[in-house]
Amino acid sequence: MDEHEVTCGVCQKQTFVRMITSTNSMGSPDLDTRPAPMRRYNLGAEISRCPYCGYCCVDLKSATESDISLVGQEEYQSQLTNTDFPEIANSYLCYALLNDASDDSENHFWSMLSAAWACDDEGTEDAAASCRLQAADIGFLCFEKGISFGGDKDSEIAIIVDALRRAKDFNRASALLAEHDGSCENETVQVVLNFQRDLVFKQDCQLYKIQHAFEHAEQQHAPED
Ligand SMILES: [Zn+2]
């Protein structure tokens, strides 16, 4: 991890940001695609926050007119210090407000899901659930608008199902699985969806990895003793 100086695109003051010099991920990602370590622990370094004006962005030096106008507003500034969420989650939630204001639905979705991951890291369950439910709503909105945010539609459905399941909205997770039943074209995602169906049925809201979905599939096909 390196530090380097940048000029904030909103307030024009100089600040230091952490830069990820190398990144690797060893092992299976989570069902919602959160990477395995080491990349997993870069969450706080993948977004920067200007200590002067509170601008939160992946790249602090670039700011649009829409960013500059929103950062000064009460809604943004109160999110920045909202004590219901950990600090890194607030940075992502602020970035989500900026994404929303500039109609960037794809980044809006991932900012919200990243906020949930930041809440997971601090063990703030209610805050994580609230971010996941908002991420799911943004995902549904992307479907309506025909905007892709996660590769193919099958993968996007699997990510939304996981967000709903982990936020304990088993009804909506189950309805989405039922609606998509039989139309999945991605074989890997089908394995994940089968696993999700089982977890939702058992009302299991725990964290699982994609590898667990494959182990589950193997167990299902194993001959009974
Ligand atoms: Zn600034």
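The values are calculated or read from the model by the stated rules, or taken from the named source; none is laboratory data. Owing to the predicted nature of the structure, the values given are computational and were not obtained by experimental measurement. Cβ sites come from the backbone with ideal geometry, for glycine too, and all protein chains shown count toward neighbours.
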message = Conditions first: (1) touching a Phe, Trp or Tyr at 6+ places or on another chain (Cβ under 9 Å); (2) free of Cβ contacts under 8 Å to residues at least 60 places away in the same chain. Asp103 passes all but one, so which condition is the exception?
response = (1)
ask   = Do we find a residue being away from the ligand (no atom under 11 Å from the Cβ) and surrounded by 14 or more Cβ atoms within 10 Å (Cβ to Cβ) anywhere in the stretch 1-15?
value = no
key: Residue pairs meeting the criteria (Cβ under 6 Å; at least 6 apart or on separate chains; first farther than 13 Å from Arg49 by Cα, in the stretch 8-27; second more than 11 Å from the ligand (Cβ to nearest atom) and not in a strand (DSSP E or B))   = Ile20/Asn42; Ile20/Ala45; Thr23/Arg39; Ser25/Pro35; Ser25/Ala36; Ser25/Arg39; Met26/Ala36; Gly27/Ala36
inquiry  = Can you go through Arg172, Arg132 and tell me which one is modelled with pLDDT of 95 or more and closer than 22 Å to Asn82 by Cα?
reply    = Arg132
request  = Look through the stretch 33-65, keep the residues that are more than 21 Å from the chain's Cα centre (by Cα) and among the hydrophobic types (A, V, I, L, M, F, W, C), and return whichever of them is farthest from the ligand (Cβ to nearest atom).
outcome  = Ala63
request  = Residues being assigned to a loop (DSSP other than H, G, I, E, B) and closer than 30 Å to Val189 by Cα: count how many of those fall in the stretch 21-58.
outcome  = 20
note = Filtering helices (runs of 4 or more DSSP H) wholly in the stretch 111-225 for at least 3 residues that are surrounded by 23 or more Cβ atoms within 10 Å (Cβ to Cβ) gives 125-145, 153-166, 187-201
request  = Given the conditions (1) of a type in the set (Val, Ile, Thr); (2) more than 19 Å from Ala135 (Cβ to Cβ); (3) within 16 Å of the ligand (Cβ to nearest atom), report the number of the one that Thr21 does not fulfil.
outcome  = (3)
Leu164 vs. criteria within 29 Å of Gly44 (Cβ to Cβ), modelled with pLDDT of 95 or more, in contact with a helix residue (DSSP H, G or I) (Cβ under 8 Å, 6 or more places away or on another chain) and of a type in the set (A, V, I, L, M, F, W, C) = yes
